[in-house]
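Engineer: Below is a structure I'd like to ask you about.
The values are calculated or read from the model by the stated rules, or taken from the named source; none is laboratory data. Small disclaimer: the values here were computed from a predicted structure and weren't measured. Note: ideal-geometry Cβ built from the backbone for every residue, glycine included; neighbour counts use all protein chains shown.
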Amino acid sequence: MQGKRRISLKKLNLVCLLVLFIAMTFLAGCGDDEAASMKTSSGHSRLQGQVTMPLEGVHLYVYKPGMDLYGPAFAISTATGIDGKFALELPDGDYVAVARKRAGGEETGPVVAGDNRSEFIKVSVQGGVVDMPVSAPVKIGDQRNFTGDIETSKTGLAGQILDSDGQPVANARVHVYDHVQMSERPKFVSEKTGPDGRYLIYLPDGGTYYLAARDKFGGPPKLGDLYGRYDKGTIEPSAVVVKEGQILKQVVITVTKVW
């Protein structure tokens, strides 16, 4: 009888050890799943944070260095919820981010008075999760003038809009900005060009300006649109310096189709 009991106890111990092993394996697997959920894809990081206040309905727009901060973004987050939080998975690297909320709910288009926007934020994401709080105050004031709205003066710009083949582009406008990022609505917009592609913009004051030309108006350029910035072969737009009382002539802007 004692021998049978010993055998039964051995079997019981083996069963207990087997159950304990299965339980530990299951718990270890759960831990691995939880850890995996905190990781991002290989070579990617997660940019996350909260728009202070908090603010609902904000999109975070992420650009690579050198991209046109007014044009299509490299990546856009989904709209923030009532907690103002956002998260976006990105390839490891350096970026420029900006938060925007348009009062009308649009995901793209110019930011005008009454909309919310942050400053442009340089951020580097590398191998993990990067937390970035963002402040997006309401934009106050908005100025954009067509050529026809400006009193004729002795200060301005004149030139031609050409396509990639050097041919004149009709029905295009020149947009004039006062900052190199060219990220918000232009300060001044020309009337449409005629068949010869020529334009003339009167400016109220001399100064340093940055130019773009396009065949559509409002919002960032879309696929198929004609778009181009005035530059001299540089990554950043080239500045145009207009002296008071001067009509700066022969300023040519080349536009190409956005693909």
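Engineer: Only residues in the range 75-96 that are in contact (Cβ under 8 Å) with a residue 60 or more places away in the chain count as the first member; pair them with residues that are surrounded by fewer than 14 Cβ atoms within 10 Å (Cβ to Cβ), Cβ under 7 angstrom, at least 6 apart or cross-chain, and list the lot.
Structural biologist: Every condition considered, no pair remains.
Engineer: Kindly indicate which of SER164, SER190 is within 21 Å of GLN246 (Cβ to Cβ) and among the hydroxyl-bearing types (Ser, Thr, Tyr).
Structural biologist: Working: SER164 fails: within 21 Å of GLN246 (Cβ to Cβ).
Only one candidate passes the filter, namely SER190.
Engineer: Among the numbered criteria (1) over 17 Å from PRO110 (Cβ atoms); (2) outside any loop (DSSP other than H, G, I, E, B), which single criterion is violated by LYS192?
Structural biologist: (2)
Engineer: Let me ask another. Would you pick out the residues in the range 226-239 that are surrounded by fewer than 16 Cβ atoms within 10 Å (Cβ to Cβ) and either among the small types (Gly, Ala, Ser) or at pLDDT 90 or above (or both)?
Structural biologist: If the condition is that a residue be surrounded by fewer than 16 Cβ atoms within 10 Å (Cβ to Cβ) and either among the small types (Gly, Ala, Ser) or at pLDDT 90 or above (or both), then GLY233, SER238, ALA239 are the ones that fit.
Engineer: Restrict the check to the range 66-81 and report whether at least one residue is closer than 18 Å to GLY49 by Cβ and surrounded by fewer than 13 Cβ atoms within 10 Å (Cβ to Cβ). Show your work before the answer.
Structural biologist: Within the range 66-81, the first condition is being closer than 18 Å to GLY49 by Cβ, and the residues that meet it are 73-81.
Right, trim to surrounded by fewer than 13 Cβ atoms within 10 Å (Cβ to Cβ) and you get 78, 81.
The answer is yes, given that some residue of the range 66-81 is closer than 18 Å to GLY49 by Cβ and surrounded by fewer than 13 Cβ atoms within 10 Å (Cβ to Cβ).
Engineer: If ASP165 passes every condition in (1) assigned to a loop (DSSP other than H, G, I, E, B); (2) modelled with pLDDT of 90 or more; (3) in the same structural domain as ALA87 (by TED's automatic domain parsing) but one, which one does it miss?
Structural biologist: Among (1) assigned to a loop (DSSP other than H, G, I, E, B); (2) modelled with pLDDT of 90 or more; (3) in the same structural domain as ALA87 (by TED's automatic domain parsing), the lone unmet condition for ASP165 is (3).
Engineer: I want to confirm something. Restricting to the range 86-115 and keeping residues that are at pLDDT below 90 and either closer than 19 Å to GLN48 by Cβ or of a type in the set (Val, Ile, Thr) (or both), which single residue is surrounded by the most Cβ atoms within 10 Å (Cβ to Cβ)? Steps first, answer last, please.
Structural biologist: Residues of the range 86-115 that are at pLDDT below 90, as a first pass: 102-115.
Now drop any that are not either closer than 19 Å to GLN48 by Cβ or of a type in the set (Val, Ile, Thr) (or both), which leaves 108, 111-112.
Values: THR108: 15, VAL111: 18, VAL112: 16.
Among them, the one singled out is VAL111.
Engineer: Another question, if that's okay. Does any residue in the range 201-229 that is in a loop (DSSP other than H, G, I, E, B) come within less than 7 Å, Cβ to Cβ, of a residue that is at pLDDT below 90 and surrounded by 20 or more Cβ atoms within 10 Å (Cβ to Cβ) six or more places away or on a different chain, and which pairs are these?
Structural biologist: LEU203/PHE188; PRO220/TYR70
Engineer: Of the residues in the range 168-196, how many are buried (at least 18 other Cβ atoms within 10 Å of the Cβ), of a type in the set (D, E, K, R) and at pLDDT 90 or above?
Structural biologist: Residues in the range 168-196 being buried (at least 18 other Cβ atoms within 10 Å of the Cβ), of a type in the set (D, E, K, R) and at pLDDT 90 or above: 1 in total.
Engineer: Looking at the range 228-235, is at least one residue hydroxyl-bearing (Ser, Thr, Tyr) and in contact with a Phe, Trp or Tyr (Cβ under 8 Å, 6 or more places away or on another chain)?
Structural biologist: So the first thing to find is which residues in the range 228-235 are hydroxyl-bearing (Ser, Thr, Tyr), and the list is 230, 234.
Filter again for in contact with a Phe, Trp or Tyr (Cβ under 8 Å, 6 or more places away or on another chain), leaving 230.
Yes, the range 228-235 contains a residue that is hydroxyl-bearing (Ser, Thr, Tyr) and in contact with a Phe, Trp or Tyr (Cβ under 8 Å, 6 or more places away or on another chain).
Engineer: Considering every residue within the range 237-255, establish whether at least one is touching a residue at least 24 places away in the same chain (Cβ under 8 Å), closer than 16 Å to PRO72 by Cα, in a loop (DSSP other than H, G, I, E, B) and under 20 Å from the mean Cα position of the chain (by Cα).
Structural biologist: no
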